[in-house]
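The values are calculated or read from the model by the stated rules, or taken from the named source; none is laboratory data. None of these values were measured; they are calculated from a predicted model. In this analysis, Cβ positions are derived from the backbone assuming ideal geometry, glycine residues included, and neighbour counts consider all displayed protein chains.
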Amino acid sequence: MDVVTKEVGNLSDRYAKDGVVRIKGALTPYWLNRLRKAVDEELKRGERYFAYRNMRMQQGIFRDFCMKSGIGRLVADLGRSDWTSLIFDQMFVKEPGTRTRTGWHTDQPYWPIDGSIMTTWIALDEVDEDNGALEFIPGSHAWGMKYRPFITDQKGAFLEYLCRDDPQYCDMPDFEAERCKHTIVHWNLEPGDLLAFDGFIVHSAMGNRTSTRRRRGYAIRFALDRARYDPDQGVAEWLSDKSLAKGAPVRSDFFPVVFSC
Ligand SMILES: O=C(O)CCC(=O)C(=O)O
C-alpha cells in the first residue's frame, strides 16, 4: 500500500534550494493510524526523548513502513537520486508541558555519513507553535559548515560540546540569540503531513507549552546516491558499518536499499 497520495511535482527544486519542504497529506489513513498505534506502544518503554530510535531493526509496523510503504520512492524523487537506503528511524514525542526548546543543531555531523541525507519527519498529531513546531533556516544546508556535535539534557537542551579538538568541526553560533539575523520558517502541520529536510540544515523544535496536546513525530533518515560513508565523521558508534570503506556509497546489509529506479 502506497504512502503518498500526491506526486512530488516541482518540490524538488525547492528542496535543493531551501533544504526543507513540506508535503501536505503525504500519508494515507492506513499508514497514519498504524504508525500512531506503533508509537504509542513504543512509548510504554518509558525512555528519554532521543532514545526511541532504530525501531526499524525489529519486524513490525516501523520496518514495514520504511521498506514497503513507497516512502523510498518519494525520497528518491524529491532528492533526485537514483536510489535511496535506510539509515535509521526515530520518534520524537513532546509531551504537554515540555517547555524546553530542542536546541538549534544540524544532524549529519553526528553520523558517519557525508554528502546527502534526507530526513522525512511525519506529523502524527496536529503540530503548531504551541506544541513543538520544528523551525528551519532555509538554505543553511548549503553553507558548507560542519557544526560540532553536542550532548543535550533529557529534553533536548544544550549541555556540552563533543569532539572539542577535532578541526573538521566548528562551533555553532547561538542561533536563538541571533534570530533576527536569519530567515526562520516553520509550518503548522496536520496529522499525515511530512517535512523533508537535509542532514546539514540548521533546525530546532519549539517547546510544548500546551497542557493537553501531545506532539508525536516519526523521523526516518535516508541516504541518497550522493552520500558517502565516512567513519572519521560523527559520534554515533551505533551507526558504524565495518563492511563499508571510507568514501563508499551508503548501501549495505545494515543500510538496506529501500528504492532503486
Ligand atoms: O522532533 C523534534 O523534536 C526534533 C527533530 C529533529 O531535530 C530531527 O529530526 O533532526
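Side notes on the structure shown:
- Checked against (1) surrounded by 14 or more Cβ atoms within 10 Å (Cβ to Cβ); (2) under 20 Å from the mean Cα position of the chain (by Cα), Glu237 meets all criteria but (1).
- Subset of the stretch 102-112 [within 11 Å of the ligand (Cβ to nearest atom) and outside any loop (DSSP other than H, G, I, E, B)]: Thr102, Gly103, Trp104, His105, Gln108, Tyr110
- Residue match in the stretch 22-29 (condition: under 15 Å from the mean Cα position of the chain (by Cα) and either surrounded by 22 or more Cβ atoms within 10 Å (Cβ to Cβ) or under 16 Å from Leu194 (Cα atoms) (or both)): yes
- Condition met for Arg99 (of a type in the set (Lys, Arg), more than 15 Å from the ligand (Cβ to nearest atom) and either touching a Leu at 6+ places or on another chain (Cβ under 9 Å) or assigned to a loop (DSSP other than H, G, I, E, B) (or both)): no
- Answer residue from the stretch 194-207, given it is touching a Ser or Thr at 6+ places or on another chain (Cβ under 6 Å) and of a type in the set (A, V, I, L, M, F, W, C) and is nearest to the ligand (Cβ to nearest atom) among those: Ala205
- Some residue of the stretch 152-161 being touching a residue at least 24 places away in the same chain (Cβ under 8 Å), surrounded by 14 or more Cβ atoms within 10 Å (Cβ to Cβ) and more than 27 Å from Ile122 (Cα to Cα): no
- Subset of the stretch 172-193 [surrounded by fewer than 23 Cβ atoms within 10 Å (Cβ to Cβ), farther than 17 Å from Arg101 by Cα and within 15 Å of the ligand (Cβ to nearest atom)]: Pro191, Asp193
- The stretch 79-96, subset outside any loop (DSSP other than H, G, I, E, B) and more than 10 Å from the ligand (Cβ to nearest atom), residue surrounded by the fewest Cβ atoms within 10 Å (Cβ to Cβ): Trp83
- If only residues of the stretch 115-152 that are among the β-branched types (Val, Ile, Thr) and out of contact with any Lys or Arg (no Cβ under 7 Å at 6 or more places or on another chain) are counted, the one that is nearest to Met91 (Cα to Cα) is Ile122.
- In the stretch 137-164, the residues that are touching a Ser or Thr at 6+ places or on another chain (Cβ under 7 Å) and not hydrophobic (A, V, I, L, M, F, W, C): Pro138, Tyr147, Lys155, Gly156
- In the stretch 117-126, the residues that are surrounded by 23 or more Cβ atoms within 10 Å (Cβ to Cβ) and more than 10 Å from the ligand (Cβ to nearest atom): Ile117, Met118, Ile122, Leu124
- The residues in the stretch 40-79 that are among the polar types (S, T, N, Q) and within 21 Å of Met118 (Cβ to Cβ) can be counted, and the count is 2.
- Pairs where the first residue, in the stretch 204-233, is part of a strand (DSSP E or B) and the second is of a type in the set (Phe, Trp, Tyr), C-beta under 6 Å, 6+ apart: Ser204/Trp104; Gly217/Phe92; Gly217/Trp121; Ala219/Trp121; Arg221/Phe88
- Taking the listed residues Glu129, Glu135, the one that is within 16 Å of the ligand (Cβ to nearest atom), surrounded by 14 or more Cβ atoms within 10 Å (Cβ to Cβ) and among the charged types (D, E, K, R) is Glu135, with no other qualifying.
- Members of the stretch 54-75 found to be over 27 Å from Asp153 (Cβ atoms), outside any helix (DSSP H, G or I) and in contact (Cβ under 8 Å) with a residue 40 or more places away in the chain, listed by number: Ser69, Gly70
- Note on the stretch 34-53: among residues that are loosely packed, with under 15 Cβ neighbours inside 10 Å and either at pLDDT 95 or above or assigned to a helix (DSSP H, G or I) (or both), the one that is nearest to the ligand (Cβ to nearest atom) is Asp40.
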